[in-house]
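Student: Structure in structure tokens, see below.
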Amino acid sequence: MTSSLRLRAGLLSIALLAAFLGIWHLATRSTATVAAMNPEYAKLMGLTATQGKSAMPGPLDVGAKLWEHLRRPFYDNGPNDKGLGIQLGYSIARVGTGYLLAVLVAIPLGFLIGMSPLLSKALDPFIQVLKPISPLAWMPLALYTIKDSSISAIFVIFICSVWPMLLNTAFGVASVRKEWINVARTLEVGTIRRAFTVILPAAAPTILTGMRISIGIAWLVIVAAEMLVGGTGIGYFVWNEWNNLSITNVIIAILLIGLVGMLLDQILARFTRMVTFPE
Amino acid sequence: MVTDKFISIEGIAKRYPGAGGGTTAVFENLWLSMARGEFACVIGHSGCGKTTVLNILAGLDTPSAGAVVVDGQAIEGTSLDRAVIFQSHALLPWRTVLGNVAYAVSSKWRKWERARVRAHAQTFIDLVGLTGSEHKHPSELSGGMKQRVGIARALSITPKIMLMDEPFSALDALTRGTLQDEVRRICLETGQTAFMITHDVDEAIYLADKIFLMTNGPGAVLAEVVENPLPKDRGRSDLHRHPLYYALRNHIIDFLVSRSRSFATEKPDHDPRKVPLVHVGKPGLTIASSGDEQRQTRIPPTNPGLTG
Ligand SMILES: Nc1ncnc2c1ncn2[C@@H]1O[C@H](COP(=O)(O)OP(=O)(O)OP(=O)(O)O)[C@@H](O)[C@H]1O
Ligand SMILES: [Mg+2]
């Protein structure tokens, strides 16, 4: 039953993809038939039709270009001409660094907030104000103080990924079932051991959910951040190719951004499943 | 009561902030004591404060007034000497059966190496009849099996006192019976002092040496201590054949049905420090802590013909 459902869903996905590519192809193909068209009809259709070839690349153009990129992902011909692999590598490295720093700050701090009602209340107004600030709004301040565009981008990633992790960790820790804590208390388990043997495993699914939300946001933000700071990275690549009017490359970059984002999400989803326990 | 007081609850109270800014007391000035090796059951209606008393005894909760003395020392917080079997079993779901018991064992004996901890835990898993399930997670166990793990965990640290909060209330009659037998056997064999909350009168009669009857809250009091007249070697199946069984049972049920509600108005001079000790059906042996006529209690057996 489920396997047949999966099979049918898969077939439908493929059909939808084929339909999308087909429509795309039809919409953008060079209209060689224009010449044979009724001139009056051509007039009616306006410039696009009479021009013949659309400015928008078709799926075949994109496919050919993608193949070219995939064959040489890591070439480096100076600042404005690097392989897509290198550009993605830069972006992933920035996201990874900012994200790891955020993990190092958010999880211990979230633990403290979750365990101490005093800290939770005292820090709440700050968190409430800082959380809704768009991470990009920090950029000028970061550039001014740090004076390094690459580190500024990492800082922006740090800022945007810290909140979901912090709030989820604090929530997960604060809502550990009282009876589990009581088990540890009746066994005279010390605070540190209790934190690692009871609170951490109990809160891990919530913490990992926060981490999964964070990695998604970080990947959204890196593209915009790199468009702003320039130099390297997939966001810069998109902007640069737009300036070169290479829509084909922009489409390829969009596709790759989506794929990498999905991959990052899947990795975190797997970790989440690993720490989730059935009750 | 001039027995040796292994556990002595001395004038404890528990108050919570009330609705109108004042405080409501779950109970005030509660006195209760137990001898070493004694098995006591507490019976009372829902909300009268039984769990609160047990949590205070365990050290999980602190009283608003009064103190608890165990083995001559006022308790401060929890202790490995007082094991708790929780009503909701409270197993750690990310650990296996063995992991849950081993967690308790390694908490008590921190220096033991892994193999020794596991071996010790395994003996107690075997004891409660869970051999073969040690690598299952709690979610893969039935309610009765989970409760057994809770019992194994509590026993594995060889406590001096077992505190049990309605440990069998969620179980079917058959499983409950088996576990009652096991707990009774283990407590008798190890000379355990046990304090158990229950809503099941038969369970109390089967297990307890002493039954504490609590009136309804708020402002609950310990109304009576009923001594169990049944012989120590009683069996669960022939319990109801004992001549004093029905007298005892009726006495407790009477209390639950009517006197638990009307107690405060009927006995306004109830002295919480001298709670009447009731002996069911022993002619002439009417006990009250003082000579006070009001507190003298004697309940005749229902079928006197059988009394030896
Ligand atoms: N945090 C709290 N704030 C206010 N009142 C509380 C709090 N915790 C418990 N109570 C009150 O204390 C009383 C006793 O609660 P307790 O859990 O000890 O009852 P119980 O006798 O164990 O009942 P049950 O048989 O249903 O388990 C209840 O009436 C409850 O309303
Ligand atoms: Mg209770």
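The values are calculated or read from the model by the stated rules, or taken from the named source; none is laboratory data. Only a predicted model underlies this, so the values are computations on that prediction, with no experimental measurement involved. Quick reminder, even Gly has a Cβ in these numbers, built from the backbone with ideal geometry, and neighbours come from all protein chains shown. The accessibility values were calculated without ligands, DNA or RNA, using every heavy atom of the protein model including side chains. Shrake-Rupley method; radii C 1.70, N 1.55, O 1.52, S 1.80 Å.
Student: Share of antiparallel DSSP beta bridges in the protein assembly as shown, in percent to the nearest 5?
Tutor: 50 percent
Student: Counting only helical runs of four or more DSSP H residues, what would the 222 nm mean residue ellipticity of the protein assembly as shown come to if each run contributes -39,500 (n - 2.57) and the total is spread over all its residues?
Tutor: For the protein assembly as shown, the value works out to -17000 deg cm²/dmol.
Student: Residue-wise, which Karplus ³J(HN,Hα) couplings in Hz belong to region B:151-166, taking 6.51 cos²θ - 1.76 cosθ + 1.60, θ = phi - 60°, and x for glycine or proline?
Tutor: For region B:151-166, the Karplus curve yields 5, 4, 5, 5, 6, 4, 8, 6, x, 8, 9, 10, 10, 10, 9, 6 Hz.
Student: If you take the Cα atoms of region B:91-158, find Rg, then find the Kirkwood Rh from the mean of 1/r over all pairs, what is Rg/Rh?
Tutor: Computed over Cα atoms, the ratio is 0.93.
Student: Right, here's the next one. In whole Hz and in residue order, list the ³J(HN,Hα) couplings for region A:17-30 that follow from phi through the Karplus curve 6.51 cos²θ - 1.76 cosθ + 1.60, θ = phi - 60°; x for Gly and Pro.
Tutor: 4, 4, 5, 4, 4, x, 5, 4, 4, 4, 6, 10, 5, 6
Student: Can you list the residues, at least 5 places off or on another chain, whose amide H is less than 5 Å from the amide H of B:Glu224, using H built in the peptide plane?
Tutor: Here B:Leu213 satisfy the definition.
Student: Suppose we keep just the DSSP beta bridges with both residues in chain B; what percent of those would be antiparallel, to 5?
Tutor: 50 percent
Student: For region B:91-158, what is the relative contact order in percent, using Cα pairs closer than 8 Å and at least 6 residues apart in sequence?
Tutor: 49 percent
Student: Let me ask another. Given a 1.4 Å probe and every protein chain left where it sits, what share in percent of the accessible area of chain B is carbon and sulfur?
Tutor: C and S fraction of accessible area: 52 percent.
Student: Between A:Ser134 and A:Trp242, what's the calculated FRET efficiency when r is the beta-carbon distance and R0 is 30 Å? Round to 0.05.
Tutor: Once rounded, the FRET efficiency stands at 0.85.
Student: Further question on the same structure: Using +1 on the beta carbon of Lys and Arg, -1 on that of Asp and Glu, and nothing else charged, what's the dipole of region B:1-151 about the Cα centre, debye to 20?
Tutor: 500 debye
Student: Suppose we take every Cα in region A:205-279 and form the convex hull; what volume per residue is that in Å³?
Tutor: Hull volume over Cα atoms, normalised by residue count, gives 74 Å³.
Student: Give a residue-ordered list of calculated ³J(HN,Hα) values for region A:86-101 (Karplus: 6.51 cos²θ - 1.76 cosθ + 1.60, θ = phi - 60°; whole Hz; x for Gly, Pro).
Tutor: Running phi through 6.51 cos²θ - 1.76 cosθ + 1.60 with θ = phi - 60° gives 5, 4, 5, x, 4, 4, 5, 5, 5, 4, x, 5, x, 5, 5, 4 Hz.
Student: State whether region A:116-168 is rounded, prolate or oblate according to the following rule on the C-alpha gyration tensor (a ≥ b ≥ c being the square roots of its eigenvalues): a/c under 1.5 gives rounded; otherwise a/b larger than b/c gives prolate, and the remaining case gives oblate.
Tutor: It comes out prolate by the Cα gyration axes.
Student: What FRET efficiency do you get for B:Arg116 and B:Glu140 if R0 is 30 Å and r is their Cβ-Cβ distance, rounded to the nearest 0.05?
Tutor: E(calc), rounded to 0.05, equals 0.70.
Student: Taking K and R as +1 and D and E as -1, what net charge do the other residues with C-beta under 13 Å from the C-beta of B:Thr52 add up to?
Tutor: Charge balance near B:Thr52 sits at 0.
Student: Evaluate the Kirkwood expression for the hydrodynamic radius of the protein assembly as shown, namely the inverse of the mean inverse distance over all pairs of different C-alpha atoms, and round to one decimal in Å.
Tutor: 30.1 Å
Student: Would you mind calculating the relative contact order of region A:84-275 from Cα pairs under 8 angstrom and at least 6 residues apart, reporting the percent as a whole number?
Tutor: Answer for region A:84-275 is 28 percent.
Student: Taking Cα atoms, how many degrees apart are the long axis of helix A:200-229 and the longest axis of chain A, rounded to 10 and kept between 0 and 90?
Tutor: With rounding to tens, the tilt is 40 degrees.
Student: Between A:Ser152, A:Ser175, A:Ser214, find the one with the highest GNM mean-square fluctuation for chain A; connect C-alpha pairs within less than 10 Å.
Tutor: A:Ser175
Student: Give the long-range amide H neighbours of B:Ser33: residues separated by 5 or more places, or on another chain, with amide H under 5 Å away, using H modelled in the peptide plane at 1.01 Å from N.
Tutor: Placed amide hydrogens put B:Ile9 under 5 Å from B:Ser33.
Student: Please list the non-local residues whose amide H lies under 5 Å from the amide H of B:Thr24, H modeled 1.01 Å from N, same-chain partners needing a gap of 5 or more.
Tutor: Residues meeting the amide H criterion: B:Tyr16, B:Gly18.
Student: In region A:248-279, what residues drop by 50 Å² or more of accessible area when the other protein chains are put back, versus the chain on its own? Use 1.4 Å, and skip ligands and nucleic acids.
Tutor: So the qualifying set is empty.
Student: Against the longest principal axis of chain B, how steep is helix B:173-190, in degrees 0 to 90 to the nearest 10, with axes from Cα atoms?
Tutor: Result, in degrees: 90.
Student: How high is the FRET efficiency between B:Thr62 and B:Asp126 when r is their beta carbon distance and R₀ equals 30 Å, given to the nearest 0.05?
Tutor: 0.20
Student: How compact is chain A by the rule of thumb for globular proteins, expressed as Cα Rg over 2.2 N^0.38 Å?
Tutor: Computed over Cα atoms of chain A, the ratio equals 1.35.
Student: Here's a follow-up. Please compute the contact order of chain B in relative form: average sequence separation of alpha-carbon pairs under 8 Å and at least six residues apart, divided by the residue count, as a percent.
Tutor: Relative CO of chain B lands at 20 percent.
Student: Just to compare against my own numbers: the Cα pair-distance distribution for chain B, 10 Å bins, whole % per bin, please.
Tutor: Percent of pairs per bin, in order: 6, 26, 33, 23, 10, 2, 0.
Student: Now for a different question. Once you average over the residues of A:186-198, how many Cβ atoms of partner chains fall within 10 Å of each Cβ?
Tutor: 5
Student: On alpha-carbon atoms, Rg over Rh for region B:159-287 using Kirkwood Rh?
Tutor: Reported Rg/Rh (Cα atoms, Kirkwood Rh): 0.97.
Student: Rounded, prolate or oblate: which fits region B:17-95 when a ≥ b ≥ c are the square roots of the eigenvalues of the alpha-carbon gyration tensor, with rounded for a/c under 1.5 and prolate only if a/b beats b/c?
Tutor: In terms of gyration-tensor shape, oblate.
Student: Another question about this same structure. Using the alpha-carbon atoms, what tilt in degrees (0 to 90, nearest 10) does helix B:114-127 show relative to the longest principal axis of chain B?
Tutor: Compared with the principal axis, the helix lies near 50 degrees.
Student: Then there is this: Over 32 Å between Cα atoms: which of A:Lys131/A:Lys178; A:Lys131/B:Lys136; B:Lys5/B:Lys232; A:Lys131/B:Lys14; A:Lys121/B:Lys160; A:Lys65/A:Lys147 fall into that group?
Tutor: A:Lys131/B:Lys136; A:Lys131/B:Lys14; A:Lys121/B:Lys160; A:Lys65/A:Lys147
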